[in-house]
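Worksheet for the structure shown next.
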Amino acid sequence: MNIDEHLTLLMIQFRRAGIVSDTHKIALMLLKLNPDGIGTRDLVRLLMMNFNSSGKVIAQLLAKGMITKEQHGRHLHAKITQKGLEIVTVEGADS
């Protein structure tokens with residue numbers, strides 16, 4: 001599968017799941033690349049957004065069941081769920 005086919009299938013999967021915002025897509029891809037989760041502050045920094053805007057993105061992905069938030073000491077970590085992972089994984093594509 002070439003990159004164009006891969007990206008086309010990925011965009012179809014995002015659309016079917018109701019994920020239309022590029023920021024939501026990037027957040028899910030970042031979390032896929034970090035299966036142990038990312039601190040929410042780090043996720044905010046990686047998304048290059050302010051804390052309020054990124055908080056809305058996180059809340060929306062939580063509501064869709066795409067991610068979870070876990071307490072790690074004093075810090076919150078966002079972690080992709082199986083449902084979220086299914087959205088960002090294209091069958092037949094190399095990882």
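Summary of computed values
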quantity: Segment 36-48, residues that are assigned to a helix (DSSP H, G or I) and either charged (D, E, K, R) or touching a residue at least 24 places away in the same chain (Cβ under 8 Å) (or both); calculated: 40, 41, 42, 43, 45, 47
quantity: Qualifying residue in segment 49-65 (condition: within 11 Å of residue 79 (Cβ to Cβ), free of Cβ contacts under 8 Å to residues at least 60 places away in the same chain and touching a Leu at 6+ places or on another chain (Cβ under 6 Å)); calculated: no
quantity: In segment 39-53, residue surrounded by the most Cβ atoms within 10 Å (Cβ to Cβ) [restricted to those that are farther than 21 Å from residue 14 by Cα and touching a strand residue (DSSP E or B) at 6+ places or on another chain (Cβ under 6 Å)]; calculated: 40
quantity: One residue from 12, 67 being of a type in the set (A, V, I, L, M, F, W, C) and surrounded by 12 or more Cβ atoms within 10 Å (Cβ to Cβ); calculated: 67
quantity: Members of segment 66-89 found to be among the polar types (S, T, N, Q) and touching a residue at least 40 places away in the same chain (Cβ under 8 Å), listed by number; calculated: 89
quantity: Test for residue 22: is it among the charged types (D, E, K, R), surrounded by fewer than 12 Cβ atoms within 10 Å (Cβ to Cβ) and under 15 Å from residue 78 (Cβ atoms); calculated: no
quantity: Segment 54-95: number of residues that are farther than 17 Å from residue 12 by Cβ, of a type in the set (Val, Ile, Thr) and over 10 Å from the mean Cα position of the chain (by Cα); calculated: 1
quantity: Residue match in segment 1-10 (condition: in a loop (DSSP other than H, G, I, E, B), among the β-branched types (Val, Ile, Thr) and on the phi < 0 side of the Ramachandran plot); calculated: no
quantity: Residue satisfying all of: in segment 61-79; part of a strand (DSSP E or B) and aliphatic (A, V, I, L, M); modelled with the lowest pLDDT among these; calculated: 76
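Condition check ((1) among the charged types (D, E, K, R); (2) modelled with pLDDT of 90 or more; (3) within 22 Å of residue 82 (Cβ to Cβ)) across all residues:
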| position | (1), (2), (3) |
| --- | --- |
| 1 | no, no, no |
| 4 | yes, yes, no |
| 8 | no, yes, no |
| 15 | yes, yes, yes |
| 29 | no, yes, yes |
| 32 | yes, yes, yes |
| 37 | no, yes, yes |
| 50 | no, no, no |
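The values are calculated or read from the model by the stated rules, or taken from the named source; none is laboratory data. None of the values given here were measured: they were computed from a predicted structure. Because the Cβ atoms are built from the backbone with ideal geometry, glycine has one as well, and the counts that use them run over all protein chains shown.
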